[in-house]
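Undergrad: Can you read through this structure? Questions will come right after.
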Amino acid sequence: MPASPFRRLVTPVAVMAAVIGAFGYVGAVDPNQPGHYPVCPMLQVTGLFCPGCGGLRSAHAVAHGDIAAAFGSNALAVVGYAIFAAVWVVWMVRASRGMPVRINLAPAYWWGIGAVLLIFTVVRNLPFGSVLAP
């Protein structure tokens with residue numbers, strides 16, 4: 001017996017509710033104020049920005065509708081938010097139609113994603129890439 005439309009949509013709706021809750025919390029508890037969130041371990045130990053550094057400030061800016069500030073805090077995170085939104089919409093459409101959702105990326109894509117993260121990390125820690133630093 002196929003699942004009801006309600007049961008098919010529970011998981012993607014619950015995931016979006018969790019994301020909205022997380023953005024709501026970060027929007028309410030300002031990461032620009034010290035003491036609310038832990039310091040990035042990589043930044044604390046090495047003094048280098050990891051690919052996620054500035055992600056909370058970016059999410060805070062998105063929650064307040066300030067996309068320019070979000071890009072300034074972590075451009076890669078903003079791109080990630082947009083990709084998540086697109087994948088979530090596809091998930092909702094497919095779930096509402098009773099179709100499975102599978103993300104089967106070839107290994108080359110995973111290597112490409114890793115390369116983008118590595119390049120972003122290296123460039124944002126170099127003097128000419130300071131525009132990418134949070």
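Undergrad: Filter region 15-28 down to the residues that are farther than 24 Å from V90 by Cβ and open to solvent by 70 Å² or more (accessible area, probe 1.4 Å) and list them by number.
TA: Listed by number, the residues that qualify are Y25, A28.
Undergrad: List, please: which pairs have Cβ atoms under 7 Å, are six or more places apart or on different chains, and start with a residue in region 19-37 that is of a type in the set (A, V, I, L, M) and end with one that is open to solvent by less than 40 Å² (accessible area, probe 1.4 Å) and not in a loop (DSSP other than H, G, I, E, B)?
TA: V26/A59; V26/H60
Undergrad: Go through region 54-105 and report how many residues are of a type in the set (K, R) and either outside any loop (DSSP other than H, G, I, E, B) or touching a helix residue (DSSP H, G or I) at 6+ places or on another chain (Cβ under 7 Å) (or both).
TA: Total meeting the criteria: 2.
Undergrad: So, in region 124-133, of the ones that are in a helix (DSSP H, G or I) and open to solvent by 40 Å² or more (accessible area, probe 1.4 Å), which residue ends up farthest from V79 (Cα to Cα)?
TA: Filtering first and then ranking leaves P127.
Undergrad: So which of P31, P12, P51 ends up being touching a Phe, Trp or Tyr at 6+ places or on another chain (Cβ under 6 Å), assigned to a helix (DSSP H, G or I), surrounded by 12 or more Cβ atoms within 10 Å (Cβ to Cβ) and not aliphatic (A, V, I, L, M)?
TA: None of the others qualify; the one that does is P12.
Undergrad: Here's another thing I want to ask about it. Filter region 34-48 for residues that are assigned to a loop (DSSP other than H, G, I, E, B) and either hydrophobic (A, V, I, L, M, F, W, C) or open to solvent by 70 Å² or more (accessible area, probe 1.4 Å) (or both) and give the result.
TA: P34, G35, H36, P38, V39, C40, L48
Undergrad: Looking at region 65-83, is at least one residue charged (D, E, K, R) and open to solvent by 50 Å² or more (accessible area, probe 1.4 Å)?
TA: Within region 65-83, one or more residues are charged (D, E, K, R) and open to solvent by 50 Å² or more (accessible area, probe 1.4 Å).
Undergrad: Which pairs turn up if I take residues in region 121-133 that are in contact (Cβ under 8 Å) with a residue 60 or more places away in the chain and look for partners that are surrounded by fewer than 14 Cβ atoms within 10 Å (Cβ to Cβ) and in a helix (DSSP H, G or I) with beta carbon separation below 8 Å, at least 6 apart in sequence or on another chain?
TA: Correct list of pairs: R124/S130.
The values are calculated or read from the model by the stated rules, or taken from the named source; none is laboratory data. Just so it is clear, the structure is predicted and the values come from calculations on it, not from any experiment. Ideal geometry is used to build each Cβ from the backbone, glycine not excepted, and the neighbour counts take in all protein chains shown. Remember, those area values only see protein heavy atoms, side chains included, never the ligands or the DNA or RNA. Shrake-Rupley method; radii C 1.70, N 1.55, O 1.52, S 1.80 Å.
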